[in-house]
1. Output the residue which, of all residues in the stretch 45-96 that are surrounded by 12 or more Cβ atoms within 10 Å (Cβ to Cβ), over 30 Å from Pro18 (Cα atoms) and acidic (Asp, Glu), is modelled with the highest pLDDT.
2. For the stretch 144-159, which residues satisfy the criterion of being basic (Lys, Arg) and over 12 Å from Glu187 (Cα atoms)?
3. Please work out if Arg112 is at pLDDT 70 or above, loosely packed, with under 12 Cβ neighbours inside 10 Å, within 30 Å of Gly166 (Cβ to Cβ) and of a type outside the set (Gly, Ala, Ser).
4. Going by the structure shown, is Glu21 exposed (fewer than 14 other Cβ atoms within 10 Å of the Cβ), modelled with pLDDT of 70 or more and in the same structural domain as Thr93 (by TED's automatic domain parsing)?
5. Looking at (1) surrounded by fewer than 17 Cβ atoms within 10 Å (Cβ to Cβ); (2) part of a helix (DSSP H, G or I); (3) at pLDDT 75 or above, can you tell me which one Pro137 breaks?
6. Residue under question is Ile184, and the condition is that it be part of a helix (DSSP H, G or I), at pLDDT below 85 and of a type in the set (A, V, I, L, M); does it hold?
7. Kindly provide the set of residues from the stretch 99-118 that are within 20 Å of Leu17 (Cβ to Cβ) and polar (S, T, N, Q), ordered by number.
Amino acid sequence: MRNLIFYSSYYEAIKELPDEEQGKVYKAVIDYAMERIEPNLTGVSKAMFVLIQPSLDASRKNYENGTKGGRPAKNKTQVETEEITQIETQSITQHKTQTESYQIFEKEKDNREIIKENKEEKEEKEKEITHTSRFVPPTLEEVKAYAVERGSNVDPQKFFEYFETGNWTDSKGNKVKNWKQKFITWEGERRNTPKETSDTQLSRAIRRLTQ
């Protein structure tokens, strides 16, 4: 084939490739059109050539038909017009296929990104829930410091021993989730509760463990 028709749709598609890959595709197109040399491409470059190849084959076939005869002779203008029309039709179809494939790829890419973001967000929330729901019992020193901070009427030693001996469960057997809240509750109870009652509660907690 003496002539090679190269359409703008080819250029628009190929220019999206890296410079090195563009050169490979251009060389493959020229070698195949002029010398019928099969290219050795991979990846996106190969996919791009495969989309252009049918147009090159059609051009060569029309060229060969025109040189070998077999049909009523057509003048050069008719042959070129038919060849151009056929190639343009194929090019439009291929360009449409490329566009649709790219749109599908981008949509799937977006979906993958959304799934990834949702997964990461879910994992972060689960970590946060686990972190906030995990109860860490205080030390006696922490209880004493909190009592001083509040100027509390609660004996921090008794508070600590009561819950420590009960494995940090309340009087109903429920696990303590916030020991400071329990401390504040004790303050309210101690305002109207005689000292003997506090001792009784401590004794009750000890008996509960020994039963």
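1. Here the answer is Glu82.
2. Residues satisfying the conditions are Lys144, Lys158.
3. Details: at pLDDT 70 or above: yes; loosely packed, with under 12 Cβ neighbours inside 10 Å: yes; within 30 Å of Gly166 (Cβ to Cβ): no; of a type outside the set (Gly, Ala, Ser): yes.
The answer is no for Arg112.
4. The answer is no for Glu21.
5. (2)
6. Answer is no for this residue.
7. Thr99, Ser101, Gln103
Yes or no, residue by residue, for (1) modelled with pLDDT under 90; (2) part of a loop (DSSP other than H, G, I, E, B); (3) assigned by TED's automatic domain parsing to the domain that holds Arg190; (4) of a type outside the set (Phe, Trp, Tyr):
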{"site": "Lys127", "(1), (2), (3), (4)": "yes, no, no, yes"}
{"site": "Lys144", "(1), (2), (3), (4)": "no, no, yes, yes"}
{"site": "Asn167", "(1), (2), (3), (4)": "no, yes, yes, yes"}
{"site": "Lys172", "(1), (2), (3), (4)": "yes, yes, yes, yes"}
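The values are calculated or read from the model by the stated rules, or taken from the named source; none is laboratory data. Quantities reported herein were computed from a predicted structural model and do not represent experimental measurements. Because the Cβ atoms are built from the backbone with ideal geometry, glycine has one as well, and the counts that use them run over all protein chains shown.
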